[in-house]
Structures are given as C-alpha cells and as structure tokens.
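Take a look at the structure below.
The values are calculated or read from the model by the stated rules, or taken from the named source; none is laboratory data. Since the model is a prediction, treat every value here as computed from it, not as a measurement. Note that we place each Cβ from the backbone using ideal geometry, even for glycine, and neighbour counts take in every protein chain shown.
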Amino acid sequence: MIMSMNDRPHQSLPPALLEAVAERFRVLAAPSRLRILDALLGGPLGVDALAAATGLSQSNLSRHIAALEGAGCVRRIRSGRRVSVEVADPSLRALCELVCGSLRDRAAAELERIARG
C-alpha cells in the first residue's frame with residue numbers, strides 16, 4: 001500500500017478522473033504555457049505585461065491563455081477595457097514548486113557529481 005505525505009492509503013482514481021488529470025498535464029506540457037504560469041505566479045498581469053514577460057506575441061499568447069483557461073488553470077479578469085490574467089487553480093503553485101524544486105535538486109546533484117570528477 002502506497003502512503004501519501006499525510007500517511008493516508010492511496011485511493012485509485014476512477015477512469016473519468018484519470019482522463020481529466022491527463023488532460024491537465026497535456027495542457028501544462030507546453031513550455032510557452034509554463035512560461036505564462038511562471039509569470040502569473042507573481043500575481044495577475046495585464047495581457048501586455050504578460051506578453052512582455054513571456055516574449056510571446058499577442059496572438060500566440062491569446063491562444064495559450066485560451067487553452068489554460070479551458071483547462072481551469074487561469075482566468076481572465078475584465079475591468080473596463082483592461083484584461084488581466086491570473087492563476088485560477090491555487091494547486092498549480094504547489095505543483096510547480098514541487099516539480100521545479102525536484103528538477104533543481106537533480107541538476108544540482110548532477111553538477112556536484114561532475115565537479116567531483
């Protein structure tokens with residue numbers, strides 16, 4: 001039996017939920033979308049600021065925002081003519097920190113191994 005960090009037994013997910021999880025990971029698999037999320041983890045940004053932060057063109061950014069919004073990852077906030085985007089699912093911060101932290105640790109360990117010769 002696999003135990004979680006809370007020492008609870010792992011419960012298998014039903015097939016429909018597994019499909020939803022797979023879809024979320026498919027949406028997050030694009031580097032441009034991860035750049036968008038990374039920029040938004042600091043707080044909501046206007047579309048122009050988000051384009052500048054990510055280096056994406058307005059049309060490309062709009063397409064990626066639509067995909068992230070469709071998956072429930074981000075939401076658009078309208079205030080008059082101004083449109084901002086923010087992270088809609090707070091669990092994404094923890095997911096990004098977990099995955100990025102793990103990869104940073106792995107890279108640091110590899111660099112240390114190389115340095116030792």
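Evaluate the following for Leu40: is it touching a strand residue (DSSP E or B) at 6+ places or on another chain (Cβ under 7 Å) and not small (Gly, Ala, Ser)? So Leu40 passes the test. For the subset of the range 86-116 comprising residues that are under 23 Å from Leu41 (Cα atoms) and of a type in the set (D, E, K, R), which member is nearest to the chain's Cα centre (by Cα)? Selected residue: Arg93.
Gly72 satisfies every condition listed in (1) on the phi < 0 side of the Ramachandran plot; (2) under 14 Å from the mean Cα position of the chain (by Cα) except (1).
Mind checking which residues of the range 51-73 are under 17 Å from Asp89 (Cβ atoms) and either of a type outside the set (A, V, I, L, M) or touching a residue at least 12 places away in the same chain (Cβ under 8 Å) (or both)? Of everything in the range 51-73, those that are under 17 Å from Asp89 (Cβ atoms) and either of a type outside the set (A, V, I, L, M) or touching a residue at least 12 places away in the same chain (Cβ under 8 Å) (or both) turn out to be His64, Ile65, Ala67, Leu68, Glu69, Gly70, Ala71, Gly72, Cys73.
Scanning the range 33-58 for residues that are modelled with pLDDT under 95 and of a type in the set (S, T, N, Q) yields one hit, Gln58. For the range 52-61, taking the residues that are farther than 16 Å from Leu41 by Cα and surrounded by 16 or more Cβ atoms within 10 Å (Cβ to Cβ), the one that is nearest to the chain's Cα centre (by Cα) is identified as Leu61. The single condition from (1) part of a helix (DSSP H, G or I); (2) surrounded by 16 or more Cβ atoms within 10 Å (Cβ to Cβ); (3) modelled with pLDDT of 95 or more that Val85 fails is (1).
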